[in-house]
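Quick note: the coordinates plus some simple rules give every number you see, no bench work behind them. In this text the structure is predicted, and so the values were computed from the model without any measurement. Don't worry about glycine lacking a Cβ; one is built from the backbone with ideal geometry, like all the others, and counts go over all protein chains shown.
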Amino acid sequence: MEALLARTFSKTAGLLAVAILFVLLFLSSIAFGQTPISPTTVMDAFIRYDPASTDHIIITTTRVSRAVIAAVIGSSLAVAGAFMQALTRNPLASPSTFGINAGAMFCIVLSVTFFSVTSLEHYMWIAFLGAGLAAVLVYFLGSLGNDGLSPIKIVLAGAAISALFSSFTQGMLVLSEQNLESVLFWLAGSVSGRTLDMLEPLWPVMAGAGIAAFWLGGSVNLLALGDDIAKGLGQRTILVKTLMALIVVVLAGGSVAIGGSIGFIGLIVPHMVRSLVGTDHRWIVPYCAFMGAGLLLLADIAARFVIMPREMPIGVMTALFGAPFFIYLARKGVHK
Amino acid sequence: MTNRHITVRNRSGTVSFLWEKRAIVILLSLVAITSVCFIAGLSIGSTMISPVAVVKYLLGADDGEHQFIIGTHRLPRMILSLLVGAALGLSGLLLQGIVRNPLASPDIIGITGGASVAAIAYIAYFSETAGIKWLPFASILGAAIVSTAIYALSWNRGVTPYRLVLIGMGMAAATGALTMMMIVLSNTDVAAKAYIWMTGSVYGATWGQVYAMLSWLVVFVPLALLLNRVVNVQELGDDVAAGLGARVQWQRLGMIGISVALAGAAVAFAGAIGFVGLMAPHMARKLAGRSYAVLVPVTAIIGGLLVCSADVVARTAFLPLDIPAGVFTAGIGAPFFIYLLFRSRKPSR
């Protein structure tokens, strides 16, 4: 693949541009919505906060936390997707194709229906568990067989596990209709109505995973040459793979826990990034972080406007954009 | 050799079956099991009716005592579940033949998803004005449109099974998003109805639905049987099939067409009952070997048996609640799928 930005200088400049774009999207995510707020007011709210101003209250209570959460989820999903694609050597790998969303969903609905769990914070840990479970299950099932982890097998395994979890979820929701409404919006994926407290228990873990991802970049490059070569060059491949898997589960599981089922960000962004900077994971990780955040912020802004005055679940938005991209990838031919 | 097989063929050889005698035994025992299950299903429920009375009713020797419970409620429901299961199983059999991948089924590659989108759009926007009776057409239309799209998008100087599956899964995701969107946009009442429908249920089956479903099967099952040589050749792989003189792409299109029609009809009448299209063909192959002419009836009966028994359990296990049968097919289907993936470790297949 011919990278668009070949030299270190242009890569650095590109990263700066992506970061600036992200900041702009972040600010517009705060400014746009049902109550439009001018950019100067947004800046004001940060610099000199005025408790009497409604706009300032809107900004600090809902808009900022929403934007922060969208950014965190977007970048986590994108980095997780990049690592999954590297780990499985499969361009179609991503948190949504691995059935992680469906697994988390299932565990949440299970806990709501049978154990009457209602607090959002508990949802997080339960979703985390389900996400990890589904990822391990799909990875394990997909790697059985003589030809190892072939793209088609892992995608099929992901689809089947998703189908399994979602039909159980549907069954439980049918049994208790009153729960349906409370979890439905969550199921479809959303970043609204989340407060920053939800991030509190998760952010140290997720930030740690993000830093570790950045630090592992070089080892991932080595691993991408193939297990044998990496081993020959003295890499402890098992260790690197385990670390990567852990990072993926933490990042993907954590973001599903906060935002529900938001698909395709983890699939699309790594591809976009690779076409920009090539296959060097030391660059891919930071690019993914910024572009993933930016893309999800963009999707979130769009989700507020398509069916005003109501909001579209953001997971629906990303799937509507992402599914055609997936089809395009499949058409282009995925051989290795 | 000759005494272990029965050959059925016309003079020109356009219709030609090779049946093992063992297959007939298997077929007969499956029919027997299904009949037992059928009668048991008719007799249990919130009002228990003795099997003797059920048989009496079926033979027409009943004095009308059970006309309402059996004739109006249970019988159409049981028959519909049998028919739907048969259609789903056959649809899966054909798809697995095309894709040559034992993990393919109409729900995984998006055909069911297309039917669901159309049906839920219909439930949400038209059912108030036009009534529920056009729902089957909406869902068959949806399945057909989505399958056409999958086929067209996979076309690149021919359709390879691999691309077909991947693109089908992309479509499944897209249709899933659309379905979710419509559920979120509509009111709670419609959302709950749509959810039940999506899980798959034969609740409230009527004789009208039974006859309509039957007419689809009457048309497409013989067609599926006629394709038997085609499927056997396709399973050898594109190159070998082309080398044997098969028009691979045309035949593949025909197989997909039949598969879609069967799946679309099943989804139309019973919602998205999952995993039957995946399981039934495998069980059939395990029992009856790989000859397609035997597999068609065996798969159909197994599919019917699966949905029928799942529905009986779903209907009676949590009385007075009536759970969608789809929950139970998934409950059996998922572990089965895992078993399949495990088994594919062995180099033999």
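Computed quantities for the displayed model
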read-out: Mean Kyte hydropathy of 1.0 or more with a Cα span along the axis of at least 20 Å, helices from DSSP in chain B; value: B:21-43, B:75-99, B:111-125, B:135-154, B:161-185, B:207-226, B:248-270, B:292-316, B:325-343
read-out: B:Gln67/B:Ile33 FRET efficiency (R0 22 Å; Cβ-Cβ; nearest 0.05); value: 0.20
read-out: Candidates B:Ser309, B:Ser105, B:Ser139: whichever shows maximal mean-square fluctuation once chain B is modelled as a Gaussian network with Cα springs under 10 Å; value: B:Ser309
read-out: Estimated FRET transfer efficiency when R0 is 41 angstrom, pair B:Lys193-B:Tyr339 (beta carbons, to 0.05); value: 0.75
read-out: Calculated FRET value between B:Asp239 and A:Trp125, using beta carbons and R₀ = 51 Å, to 0.05; value: 0.45
read-out: Chain A: DSSP helices with Cα axial extent of at least 20 Å and average Kyte-Doolittle hydropathy no lower than 1.0; value: A:8-31, A:64-88, A:100-115, A:120-143, A:151-175, A:203-224, A:237-259, A:281-305, A:314-332
read-out: Mean residue ellipticity (222 nm) of the protein assembly as shown, computed from DSSP H runs ≥ 4 via -39,500 (n - 2.57), nearest 500; value: -24000 deg cm²/dmol
read-out: Of B:Lys56/B:Lys286; A:Lys153/A:Lys231; A:Lys241/B:Lys286; A:Lys11/A:Lys241, those spanning more than 32 Å from alpha-carbon to alpha-carbon; value: B:Lys56/B:Lys286; A:Lys241/B:Lys286
read-out: The stretch A:1-79: relative contact order in percent, alpha carbon pairs under 8 Å with at least 6 residues between; value: 23 percent
read-out: Net charge over other residues, Cβ less than 14 angstrom from the Cβ of A:Ser255 (K, R count +1; D, E count -1); value: 0
read-out: Residues of the stretch A:64-84 with amide N under 14 Å of a point placed 7 Å along Cα→Cβ from A:Ala207; value: A:72
read-out: Kirkwood hydrodynamic radius (C-alpha pairs) into Stokes-Einstein, the stretch A:74-133, 4 °C and 1.567 mPa s, D in µm²/s; value: 105 µm²/s
